[in-house]
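Read-outs throughout are calculated quantities, based only on the coordinates presented, and are distinct from any laboratory measurement. For clarity, every value in this text was computed on a predicted model and none was experimentally measured. Glycine gets a Cβ as well: all are built from the backbone with ideal geometry, and neighbour counts include every protein chain shown.
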Amino acid sequence: MKPLPGRRALVALPLLVLSGGLAPPARAGAPREVKMLNRNATGGMVYEPDFLRLAPGERVKFLATHVTHNAATIPAMLPEGATPFKGRINEEIEVRFDVPGLYGIQCIPHYAMGMVMLIQVGEGEVTPARIPDGLPPRVRERFREILARLG
Ligand SMILES: [Cu+2]
């Protein structure tokens with residue numbers, strides 16, 4: 001029979017949880033939700049929220065709150081080894097993010113209008129250096145706004 005953990009082990013447990021940084025604990029059966037919107041307080045053609053930090057293995061449900069939107073990976077912003085995805089227009093899609101790294105997500109019909117979001121899976125600072133060159137101007141602008149908010 002395994003001995004009960006000593007007092008030292010019990011004290012150490014909350015510290016381990018805190019060392020996970022900003023990543024929230026993964027909860028089975030509870031995907032994070034992102035709304036696909038025509039408009040919110042920050043502007044038009046937006047994901048809400050437009051930034052998520054996930055623990056590897058967490059899932060995101062993209063909700064077709066307003067019509068004409070979808071969620072798909074941006075090929076230039078996909079971590080090595082991660083599987084690209086492309087949701088159908090007007091349909092909810094649930095995606096599991098297993099591979100750590102920075103993901104760019106786009107709404108294909110509104111990509112040029114800057115309907116994008118960032119998802120950081122696992123540890124790692126999200127800096128301008130991690131945003132690739134050659135993205136459309138409105139996309140770069142939206143990413144700059146997100147990064148500015150992150151501080
Ligand atoms: Cu859209």
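The simple Förster model, with R0 at 25 Å and r as the Cβ-Cβ distance, assigns E48 and R88 a FRET efficiency of 0.80. Classify the range 57-151 as rounded, prolate or oblate from the Cα gyration tensor: take a ≥ b ≥ c as the square roots of its eigenvalues, call it rounded if a/c is under 1.5, otherwise prolate when a/b beats b/c and oblate if not. Judged from the Cα gyration tensor, the range 57-151 comes out oblate (a/c at least 1.5, b/c at or above a/b).
3J(HN,Hα) couplings calculated from phi for the range 50-64 with the Karplus curve 6.51 cos²θ - 1.76 cosθ + 1.60 (θ = phi - 60°) are, in sequence order, 9, 9, 9, 10, 10, 7, x, x, 6, 10, 10, 9, 8, 9, 7 Hz; Gly and Pro show x. Working ranking of peptides 116-123, 90-97 by packing, defined as the average number of other Cβ atoms within 10 Å per residue, highest first, is 116-123, 90-97.
Between R96 and R39, the modelled labels are 3.9 nm apart [label points 7 Å from Cα along Cα→Cβ].
Work out the length of the dipole vector of the range 34-93 about its Cα centre, built from +1 on the beta-carbon of each Lys and Arg and -1 on the beta-carbon of each Asp and Glu, and round it to the nearest 20 debye.
For the range 34-93, the charge dipole is close to 100 debye.
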